[in-house]
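I have placed the structure first, in the form of structure tokens, so that the comments after it can refer back to it.
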Amino acid sequence: MRIPFNDLAAVHAPILDDVLGDFRDIAGGSGFIGGAYVERFEESFAAYCGTRYAVGVANGTDAIELTLRALDIGRGDEVLVPANTFIATAEAVTAAGALPRFVDVDPDTLLVTPETLEAGRTARTVAVIAVHLYGHPADLDAIGRYADRHDLALLEDSAQAHGALLDVPGAARRHQAGPRRAGSYGRAGTFSFYPGKNLGAWGDGGAVVTDDAELAAELRVLANHGRDTERDSHRRVGRNSRLDALQAAVLHRKLATLDADNAARRRIVARYRAALGPLAEDLVQPTDPDASVWHLLVLRAGRRDALRRTLSRAGIATGLHYPV
Ligand SMILES: *Cc1c(COP(=O)(O)O)cnc(C)c1O
């Protein structure tokens with residue numbers, strides 16, 4: 001492929017020496033789990049998102065499941081999730097013991113709206129997971145008011161939207177100046193650092209960002225074997241779901257260039273848009289193209305498979321998000 005779907009080696013080349021230097025330092029100190037690298041990344045990621053806390057976990061699916069469990073959402077509860085998302089959004093709800101209730105998406109943005117959510121709400125609904133799919137921010141102004149009206153916890157699955165900008169004019173800033181970013185508005189924002197995401201590690205990783213001190217503390221307990229502050233006191237059944245120091249070192253280096261990387265994605269989108277000609281009308285449009293971080297550039301095509309074959313012959317890789 002002359003234009004691969006993702007070229008991680010090119011993304012990593014400029015930071016390779018710095019990261020390997022960090023790895024040497026970590027190996028020298030043998031602080032592989034927790035420690036200064038993890039703390040530094042958690043602090044810088046919280047500051048970047050505009051929240052008080054960031055809690056590193058093992059992956060983006062655990063980030064959702066553990067947040068639900070920390071909020072005591074489980075058996076007997078229903079959670080509204082978009083039918084059009086990666087399977088992990090719903091999988092995490094099931095893993096927490098709750099029932100994912102699938103709702104449709106707006107045909108233009110492919111994101112949930114208060115109207116599509118309302119069709120799935122029942123007396124057992126306790127939470128909404130809005131997904132900023134493809135890097136396009138969901139309309140949290142409207143969804144937030146809807147969630148408040150029905151007393152639902154709002155989680156933002158931001159696994160595809162590191163750095164995307166939210167437009168919530170009515171909401172008072174709880175913390176930080178600067179732009180309000182994906183993950184910072186709901187009760188919690190969950191992230192995946194799978195290598196192919198906008199902010200990707202060199203392995204698996206995830207995080208939850210929140211302004212809620214109690215929620216952050218409970219997440220740390222759950223992600224560390226239910227262990228309380230005292231070393232041998234295990235208060236509830238948790239698991240091992242930790243972000244390790246090597247991944248935190250990579251993420252800290254990449255966070256420094258995330259805005260520039262997302263800007264490069266916007267330039268690439270503009271090139272595809274120009275090259276696609278009339279087909280560009282069938283691109284999935286975010287409400288504000290400059291607020292999106294374009295995890296994927298998605299085109300709806302009537303003759304999809306023929307188009308993919310043509311692009312493939314021209315050396316341009318494509319994928320299906322999502323085939324089912
Ligand atoms: C990648 C992804 C996840 C899951 O993240 P993992 O780190 O792979 O567990 C969850 N939700 C969405 C929308 C994703 O794209």
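The values are calculated or read from the model by the stated rules, or taken from the named source; none is laboratory data. In this text, all values refer to a predicted model and were calculated from it rather than measured experimentally. As a convention, Cβ positions derive from the backbone with ideal geometry for all residues, glycine included, and neighbour counts pool all protein chains shown. Note: areas computed on protein heavy atoms with side chains; ligands, DNA, RNA excluded. Shrake-Rupley method; radii C 1.70, N 1.55, O 1.52, S 1.80 Å.
May I ask you to list the residues in region 63-84 that are within 16 Å of the ligand (Cβ to nearest atom) and either among the hydrophobic types (A, V, I, L, M, F, W, C) or open to solvent by 20 Å² or more (accessible area, probe 1.4 Å) (or both)?
Ala63, Ile64, Leu66, Leu68, Arg69, Val79, Leu80, Val81, Ala83, Asn84 - these are the residues of region 63-84 that are within 16 Å of the ligand (Cβ to nearest atom) and either among the hydrophobic types (A, V, I, L, M, F, W, C) or open to solvent by 20 Å² or more (accessible area, probe 1.4 Å) (or both).
Taking region 42-58, which residues are open to solvent by 70 Å² or more (accessible area, probe 1.4 Å) and either free of Cβ contacts under 8 Å to residues at least 40 places away in the same chain or part of a helix (DSSP H, G or I) (or both)?
Answer for region 42-58, where residues must be open to solvent by 70 Å² or more (accessible area, probe 1.4 Å) and either free of Cβ contacts under 8 Å to residues at least 40 places away in the same chain or part of a helix (DSSP H, G or I) (or both): just Glu43.
Would you check which residues across region 95-133 are part of a helix (DSSP H, G or I) and either under 15 Å from Glu156 (Cα atoms) or within 15 Å of the ligand (Cβ to nearest atom) (or both) and list them? Passing the criteria: Ala95, Pro114, Leu117, Leu133. Has region 116-137 got at least one residue that is modelled with pLDDT under 95 and under 20 Å from Asp288 (Cα atoms)? Taking every residue of region 116-137 in turn, none turns out to be modelled with pLDDT under 95 and under 20 Å from Asp288 (Cα atoms).
Exactly one residue among Arg235, Arg239, Arg231, Arg220 is touching a residue at least 60 places away in the same chain (Cβ under 8 Å) and either at positive phi or surrounded by fewer than 18 Cβ atoms within 10 Å (Cβ to Cβ) (or both), and that residue is Arg239.
Which residue is modelled with the lowest pLDDT, if the candidates are limited to region 269-294 and must be open to solvent by less than 30 Å² (accessible area, probe 1.4 Å) and not in a helix (DSSP H, G or I)? If we take residues in region 269-294 being open to solvent by less than 30 Å² (accessible area, probe 1.4 Å) and not in a helix (DSSP H, G or I), then Pro286 is modelled with the lowest pLDDT.
Take the residues of region 295-310 that are surrounded by 14 or more Cβ atoms within 10 Å (Cβ to Cβ) and assigned to a helix (DSSP H, G or I): which is nearest to the chain's Cα centre (by Cα)?
Looking at the filtered set, the residue picked out is Arg308.
Inspect region 82-89 for any residue being part of a helix (DSSP H, G or I), farther than 21 Å from Gly203 by Cβ and within 18 Å of the chain's Cα centre (by Cα) and give the result as yes or no. Yes, region 82-89 contains at least one residue that is part of a helix (DSSP H, G or I), farther than 21 Å from Gly203 by Cβ and within 18 Å of the chain's Cα centre (by Cα).
For region 106-134, filtering for residues that are open to solvent by 20 Å² or more (accessible area, probe 1.4 Å) and under 19 Å from Gln160 (Cα atoms) leaves 5. Whether a residue is under 23 Å from Gln247 (Cβ atoms), modelled with pLDDT under 95 and of a type outside the set (Ser, Thr, Tyr) was assessed, and Gly21 does not pass this test. For region 42-51, residues that are more than 16 Å from the ligand (Cβ to nearest atom) and out of contact with any Ser or Thr (no Cβ under 7 Å at 6 or more places or on another chain) total 6. Select from region 1-18 the residues that are surrounded by fewer than 13 Cβ atoms within 10 Å (Cβ to Cβ) and either modelled with pLDDT of 95 or more or in a helix (DSSP H, G or I) (or both) and list them in ascending order. The answer is Leu8, Ala9, Ala10, Ala13, Pro14, Leu16, Asp17. Taken over region 197-251, the criterion of being acidic (Asp, Glu) and within 16 Å of the ligand (Cβ to nearest atom) is satisfied by Asp204, Asp244.
The single condition from (1) at pLDDT 95 or above; (2) closer than 24 Å to His295 by Cβ; (3) away from the ligand (no atom under 16 Å from the Cβ) that Gly178 fails is (1). Selection within region 85-94: residues that are under 24 Å from Ala216 (Cα atoms) and not aliphatic (A, V, I, L, M). The member of this set that is farthest from the ligand (Cβ to nearest atom) is Thr94.
For region 28-41, taking the residues that are open to solvent by 60 Å² or more (accessible area, probe 1.4 Å) and of a type in the set (A, V, I, L, M), the one that is nearest to the ligand (Cβ to nearest atom) is identified as Ile33.
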